Amino acid sequence: MIAYLASEKFLPELLEELKDVKSVHGNLVLTDGPLQNSVWAQNIWLDAQIIPFESISQASKALKSLGKLWACYTFENHRRAQLIQDQLPKLRPRVLDFLSELPENNLGAWTLLDKNTLLASPTTNSRFPLGDVKFNEDKKTPPSRAYLKLWELFTVYGIRPEPGQRVVDFGSCPGGWTWVLQRMGCEVISIDRAPLEPSIADLPGVKFMKTNAFNVKPEDLGRIDWFYSDIICYPEKLLELVQTWQASGLCSNFVCTIKFQGETDFKTLKKFLQMEHTRIQHLHHNKHEVTVWIKPPSS
Ligand SMILES: C[S@@+](CC[C@H](N)C(=O)[O-])C[C@H]1O[C@@H](n2cnc3c(N)ncnc32)[C@H](O)[C@@H]1O
């Protein structure tokens, strides 16, 4: 069986996208059938097994026989689960530096379905305990915490620009993304209706344009290697903007945040998912928003 763990608050979104749901346990959704693409799962348990047990030591022995390192998810029976976890080898989650090597993929995940039943998966889709990615943050230089979304995408998913590439950053104020892109060695055209932090606007390789992103025509900028957008706007408007740039043929790599106000816009999300070479993921550092990236293999 395969189990999908929703990020905090996004269980309804996960249930909307998953098929063949067998049962729901807190934020964990158990399914029958093959692995499904999921936008909203923060951790996928690839080989989930149900194991009945009587005592704490029996439960920990069963887990040890299946794998070495275990992350524990609880939705009830917290104390009993802690007693079991205490008998397992101690998990020391890595705190990542930007662009550092990833930890080994050797983590299992488990939960208590009830007092006497474990659900345990010796393999998951993440190198981080329950998909929880933590960075050694830079709390001084970047002017907003939005930079963590790009840090996660670049470090964990390897979706990043090359030094010297020409990129546009739409909705860039106060400048977290522009700061990351400049530090990658890119030439950054940074665009927002609001002013950029002066310390970011003055960085070499950054050109700031104070204007409405939707009035900028692709021909105004010419060929660019990457299109970045963290604009706050309706998903439908972002989709139009991306399609305009795709149609121009002047850019083929895209990274955008799709932000939801109120209800999640599943209809537009589906339209994004239907585009070629697209992946959409609710990153650990996303709020009520998801990150979409489009990267054709040859680009
Ligand atoms: C979440 S903030 C971006 C944070 C930024 N990525 C960072 O790392 O600091 C969203 C930005 O979108 C900008 N924005 C909203 N509508 C816009 C538009 N039509 N044109 C340009 N910028 C827009 C807002 O001014 C705001 O600065």
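Please treat every number below as a calculation from the coordinates, not as lab data. Remember, it's a predicted structure, so these values are computed and weren't measured experimentally. Because the Cβ atoms are built from the backbone with ideal geometry, glycine has one as well, and the counts that use them run over all protein chains shown.
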Please compare each pair in 149/271; 237/287; 9/68 to a cut-off of 27 Å on the Cα-Cα distance and tell me which ones are over it. 9/68
Under 1.5 on a/c is rounded, so check that first for the chain, then, if it is not, pick prolate when a/b is larger than b/c and oblate when it is not; a ≥ b ≥ c are the square roots of the alpha carbon gyration tensor eigenvalues. prolate
Going down the list 22/270; 19/270; 134/267, which pairs span over 27 Å between their C-alpha atoms? 134/267
For the chain, set up a Gaussian network in which alpha carbons nearer than 10 Å are linked by springs, and say which option among 79, 94, 279 fluctuates the most. 79
Assertion target for 17, 236, ordered by fewest C-beta neighbours within 10 angstrom first, is 236, 17
Residue separation times 0.36 nm, minus the C-alpha to C-alpha distance between residue 243 and residue 116: what's the value? 40.5 nm
Candidate lysines for bridging to residue 61, where Cα separation is under 21 Å - those fewer than 8 sequence places away on the same chain excluded: 90, 115
167, 188 arranged by Cβ crowding within 10 Å, fewest neighbours leading: 167, 188
Rounded to 0.05, the calculated FRET efficiency for the beta carbons of residue 207 and residue 105 at R₀ = 45 Å is 0.65
Based only on other Cβ atoms within 10 Å, what is the fewest-to-most ordering of 186, 251, 233? 233, 251, 186
Excluding residues fewer than 8 places away in the same chain, name every one of the aspartates and glutamates whose C-alpha is closer than 18 Å to that of residue 210. 169, 187, 192, 197, 202, 219, 220, 230
